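Below: one structure, written as structure tokens.
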Amino acid sequence: MFEATHQRNPGEDSCHPGTFGARGGNVRDVDLERANGVGRIVLTGSERGTRIADVYQKFPIGLAFPGIGDDLVKEAVIINSSGGIAGGDRLEIEVVALNHASVAVTTQAAEKIYRALDQPARVATKLKACGTAKLAWLPQETIVFNQARIRRQTEIDVCSGAELIALEWLVLGRAARGEEVVGGHISDSWHIRRDGRLIWADSFRVSDEVFAQLHRKALLSNWKAVGTLIYFGPSLDTRLRILREIAASLECRCAATIVGAIIIVRVAAAASADLRRGLRSLLEQFSRELGPGPFGVPKMWSC
């Protein structure tokens, strides 16, 4: 198990704008130690299997490649050794799958977005699947604390012969601890390109004045954990039908549709644990339809 070398101060969870430092001035996010981490993985493959072509990591991002299961499928694990994300942090992840590579990428644990002072954290994810590569981006949940500020952008480039699943899920507070998110800022956007052409763009934005309205049925109703899963690959009509059958069997709310060249699946639940069970079941059932490859539940989800 990876041991973090730097941890957030637990008090950061309760910081607020106007906090006074030891010298009597107003403390801002830029005045404090903040992370600027990078992780980049390039994998290539052949009939003999998938191999790592290039790796770059900059603290606090670490990358691990546990030897699990079939040699033809690599599982990469992203580790944020700072213990969470705070206002002013900047993190960038890039995964490139070339040729016949087959890889699943996940995170060591749920990510936590702490309360910010005055600046948003910025998280950029770039995924690229070329040739006949198979790429699964399946991180664990992102937990947003009250008054957190986060801007996350997911950029995906796929070639016509590739196959990809990409998931992101947000949890508004920890239901087991009775936490409520009543303010802050969340911006979560997607841009997907096929052969260089933009085929889908989507944004989820919530700011201070909107949180009080999220309980409305036209918005999130009573859902506190929400996720988006994207599928790009062959036989979309058949796989949409299968996903809709799976959706009807889940205990959480789930719906799927086709937009252009991709399938979009939205999943929602009242609590993180409920959404996790729903996503596990969805991935287990759908991966059986997809056949050999990296699209099942990552082993790290069970650690």
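Numbers for the structure displayed
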quantity: Theoretical gain in end-to-end length, E251 to H191 [0.36 nm per residue, Cα-Cα removed]; calculated: 18.7 nm
quantity: C-alpha long axis of helix 272-290 to longest principal axis of the chain, angle in °; calculated: 20 degrees
quantity: Those trypsin sites (Lys or Arg not before Pro) in the stretch 169-271 that DSSP places in a loop and that have at most 10 other beta carbons within 10 Å; calculated: R216, K217
quantity: The stretch 10-219: relative contact order as a whole-number percent, Cα under 8 Å and 6+ apart; calculated: 16 percent
quantity: FRET efficiency for A110 and S160, using Cβ-Cβ distance with R0 set to 30 Å, rounded to 0.05; calculated: 0.30
quantity: Structure-derived Rg and Dmax of the Cα atoms in Å: which label, when the choices are [x] 18.4, 54; [y] 18.1, 61; [z] 19.3, 64; calculated: [z]
quantity: The stretch 10-219, dipole about Cα centre (Lys/Arg Cβ +1, Asp/Glu Cβ -1), debye to the nearest 20; calculated: 240 debye
quantity: Cβ-based charge dipole, the chain, positive-most Cα from V38, A270, L127; calculated: A270
quantity: Beta bridge orientation in the chain: antiparallel %, DSSP, nearest 5; calculated: 45 percent
quantity: Residue-span extension gain [K126 to L214] - 0.36 nm each, minus C-alpha spacing; calculated: 28.8 nm
quantity: GNM result for the chain, Cα springs below 10 Å: residue of G178, G83, G233 fluctuating most strongly; calculated: G178
quantity: Degrees separating the helix 236-249 axis from the principal Cα axis of the chain, which is the longest one; calculated: 60 degrees
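Coordinate-derived values only; no laboratory data. Quick caveat, the model's predicted, so the values are computed rather than measured. Note that each Cβ is placed from the backbone with ideal geometry, even for glycine, and that neighbours are counted across all protein chains shown.
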